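S.K.: Here's a structure for you.
The values are calculated or read from the model by the stated rules, or taken from the named source; none is laboratory data. These numbers come from a predicted model, not from an experiment. Heads up, the Cβs are rebuilt from the backbone with ideal geometry, glycines too, and the neighbour counts pull from every protein chain shown.
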Amino acid sequence: MRIHRTLPFLCSTLFVLTTPQTTLAADEGAKTFEEVCTQCHTPKRQPLDNKHLTREQWNEAIERMKGYGSEVPKGKMAEMLDYLVRTNGPAGAATDAAKK
């Protein structure tokens, strides 16, 4: 019966140890976006769905948002920029055009 308790623990530990660091960083970028940006940007209010910016453009946009009071935790900016480019970067514009 004891093996039934340790098996899930071992499996979850193995999963964490084999998860690529890029996945963990991507999750941190999404988490930072959720914490910082979703106070104003939601799917229904000021959505970012049609925004397909480069990394530099997202950086400029975030700097503007800082002027409105947004605060990005120190050391989290790069991860959040990676997340925004991955989910709303220029490549997403081509995907949207193909859907229409």
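S.K.: What are the pairs, 6+ residues apart or on separate chains, where a residue within the range 16-44 that is among the aliphatic types (A, V, I, L, M) has its Cβ under 6 Å from a residue that is modelled with pLDDT of 90 or more?
M.R.: Pairs found: ALA25/GLU79; ALA30/TYR83; VAL36/SER70; VAL36/VAL72.
S.K.: Of a type in the set (S, T, N, Q) and modelled with pLDDT of 95 or more: which single residue out of GLN57, GLN46 fits that description?
M.R.: Values: GLN46 fails: modelled with pLDDT of 95 or more.
Going through GLN57, GLN46 in turn, the sole match is GLN57.
S.K.: Take the range 41-86 and flag every residue that is crowded, with 16+ Cβ neighbours inside 10 Å, over 21 Å from GLU28 (Cβ atoms) and either in contact with a His (Cβ under 9 Å, 6 or more places away or on another chain) or among the β-branched types (Val, Ile, Thr) (or both).
M.R.: Within the range 41-86, none qualify.
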